[in-house]
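Below is one structure, written out as structure tokens; comments come after it.
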Amino acid sequence: ALCFIDLDNFKKINDSFGHSYGDEILKQFSDRIGEVIRVCDTLSRIGGDEFILLVENIEEMNEIDPIITKIQTIFNEPFLVKEQKFFLSASIGISLYPEHGLESETLIKNADAAMYKAKDAGKNTYAFYTLDMTIASYERIGMENALREAISAKQFLVYYQPQIDFKTNTVCGLEALVRWNHPLEEILSPSRFIELAEETRLILEIGAFVLEQACFDLLSLRKEGLFEGTVSVNISGVQIEYSDFLKTLEHTIEISGVDPSLLEMEVTESFIMNDPERWIALLKQMQALGVSIAIDDFGTGHSSLSYLRKLPIDKLKVDMSFVKDIPQREDACAIVNSIIDLAHNMKIATLAEGIETKEQERYLQEHGCEQGQGYLYAKPMNVKDLKVWMMNRHKESCKNP
Ligand code: C2E
Ligand code: MG
Ligand code: MG
């Protein structure tokens, strides 16, 4: 059996505490694992936090279970580096010879695929290789190639979803939402490709395109006198972490000539709260350019209240998972009320996402939420449909002022 062992969240330790901590943990890990494996087994480190354990003379799949259990026990005690305790776990993928491959390369590749399955299953666990993992990885490669081609073939579109100001009942903003006009399929929503785009960093190009397109579309709507509000653009953590996003933003503002106060950047709560200290300065620099910052999917991302206070934020977007359950469910109402209160105390606005019913709208309005977005008003639309929608809405409001 070939066990591909990958430490969970190891990168975080390196990033937050420095490589000397990471190195020390790797040493302690190999010492500990050396004590639980048999003399005839072989342990090797193949890079970073990835280890391979070769377990010999395994006749049946279930013979490996006790060995894995033993490996997992080494994580029961924290790892100690310079008085700092670290609780770790590992994800393990297993391939068996000869069922899952005859050559070392295949066995390693398949154990690696199984390791990803274990990570997906919530880390700290193990998984055996199965054939569908190879199919999945072929599909992934196919999808990745298609995504690359989509960028050069300019297959991405930007849709817009209106945001309503409750006090004035006007459209105060538009959220830019990317779509993939796939040549062989219907128009694909981000849930089908954003994750892969992030993993492959293709999101850097896609995200820059969406930002630029949103600026130009905003200018066109303004020129036609259809809209005076803001446009919000979703920014992936990958763009912030792996590109000079500030430069991209500055460049886009410059070439489009858009007034930066009409731009809002949406960053997710989970990304920011992962390492808030690291992003405070950048968010402040973004605000200094004149754009505003909204925290997206708020309520789902373990906010630290002390950081929330320090972060430069203009708006909280209440996640639709809570909006969905108001006013029926007490717990959802309690969370929504608390988010609105929190925002008010911080002197920032709230926008509720995913409003589908009048009842939800009424509840939110009564509880002091300032803005809303959802199918109740409109689904995301392309610019052409949006213009028609805007004109109709304008006509309606002239009829019933
Ligand atoms: P999000 O930023 O939270 O966007 C809101 C999502 O909720 C959109 O899905 C929107 O179509 C959907 N939605 C709006 N109102 C309703 C409603 O009343 N009911 C229901 N059930 N859904 C509603 P969409 O367009 O599929 O986007 C999904 C996510 O993909 C977005 O969530 C955002 O996180 C991400 N995304 C979209 N465009 C971009 C982009 O250009 N860049 C990046 N990095 N992420 C993007
Ligand atoms: Mg958003
Ligand atoms: Mg959201």
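The values are calculated or read from the model by the stated rules, or taken from the named source; none is laboratory data. In this text, all values refer to a predicted model and were calculated from it rather than measured experimentally. Note: ideal-geometry Cβ built from the backbone for every residue, glycine included; neighbour counts use all protein chains shown.
Below are the figures for this structure:
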item: Residue that is farthest from ligand 2 (Cβ to nearest atom) [pool: residues in segment 216-239 that are under 25 Å from GLU149 (Cβ atoms) and touching a Gly at 6+ places or on another chain (Cβ under 9 Å)]; result: VAL238
item: Meets criteria (of a type in the set (A, V, I, L, M), without any contact (Cβ under 8 Å) to a residue 60 or more places away in the chain and part of a loop (DSSP other than H, G, I, E, B)) for ILE33; result: no
item: Residue pairs meeting the criteria (Cβ under 7 Å; at least 6 apart or on separate chains; first touching a residue at least 60 places away in the same chain (Cβ under 8 Å), in segment 47-64; second surrounded by 13 or more Cβ atoms within 10 Å (Cβ to Cβ) and small (Gly, Ala, Ser)); result: ILE64/ALA1
item: Tally of residues being in a helix (DSSP H, G or I), surrounded by fewer than 18 Cβ atoms within 10 Å (Cβ to Cβ) and over 22 Å from the mean Cα position of the chain (by Cα) across segment 200-242; result: 5
item: Any hit, segment 298-321, residues being within 16 Å of ligand 2 (Cβ to nearest atom), of a type outside the set (S, T, N, Q), under 30 Å from ILE253 (Cβ atoms) and in contact with a Lys or Arg (Cβ under 9 Å, 6 or more places away or on another chain); result: yes
item: Single unsatisfied condition, GLU266 versus (1) charged (D, E, K, R); (2) within 16 Å of ligand 3 (Cβ to nearest atom); (3) in a helix (DSSP H, G or I); result: (3)
item: Yes/no for ARG45 being of a type outside the set (A, V, I, L, M) and assigned to a loop (DSSP other than H, G, I, E, B); result: no
item: Among (1) part of a helix (DSSP H, G or I); (2) closer than 22 Å to LEU351 by Cα, the one test that THR252 misses; result: (2)
item: Failed criterion for HIS302 (all others in (1) more than 20 Å from the chain's Cα centre (by Cα); (2) over 25 Å from GLU212 (Cα atoms) hold); result: (1)
item: Residue match in segment 354-373 (condition: assigned to a strand (DSSP E or B) and either modelled with pLDDT under 95 or among the aliphatic types (A, V, I, L, M) (or both)); result: no
item: For GLU175: the one exception among (1) surrounded by 20 or more Cβ atoms within 10 Å (Cβ to Cβ); (2) more than 26 Å from the chain's Cα centre (by Cα); (3) more than 30 Å from THR69 (Cβ to Cβ); result: (2)
item: Residue under evaluation SER191, criteria (1) within 16 Å of ligand 2 (Cβ to nearest atom); (2) without any contact (Cβ under 8 Å) to a residue 40 or more places away in the chain; (3) in contact with a strand residue (DSSP E or B) (Cβ under 7 Å, 6 or more places away or on another chain), criterion not met; result: (3)
item: Segment 243-268, subset within 16 Å of ligand 2 (Cβ to nearest atom) and of a type in the set (D, E, K, R), residue farthest from the chain's Cα centre (by Cα); result: GLU264
item: Residues (at pLDDT below 95, within 13 Å of ligand 1 (Cβ to nearest atom) and either among the β-branched types (Val, Ile, Thr) or exposed (fewer than 13 other Cβ atoms within 10 Å of the Cβ) (or both)) located in segment 296-325; result: THR300
item: Complete set of residues in segment 374-393 that are among the hydroxyl-bearing types (Ser, Thr, Tyr) and out of contact with any Gly (no Cβ under 9 Å at 6 or more places or on another chain); result: TYR377
item: Subset of segment 47-89 [more than 23 Å from TYR129 (Cβ to Cβ) and surrounded by fewer than 16 Cβ atoms within 10 Å (Cβ to Cβ)]; result: THR73, ASN76, GLU77, PRO78, LEU80, LYS82, GLU83, GLN84, LYS85, PHE87
item: Subset of segment 1-34 (residues that are farther than 26 Å from PRO276 by Cβ and of a type in the set (Ser, Thr, Tyr)); result: SER30
item: Of all residues in segment 281-295 being assigned to a helix (DSSP H, G or I), surrounded by 16 or more Cβ atoms within 10 Å (Cβ to Cβ) and more than 19 Å from the chain's Cα centre (by Cα), the one that is nearest to ligand 3 (Cβ to nearest atom); result: MET286
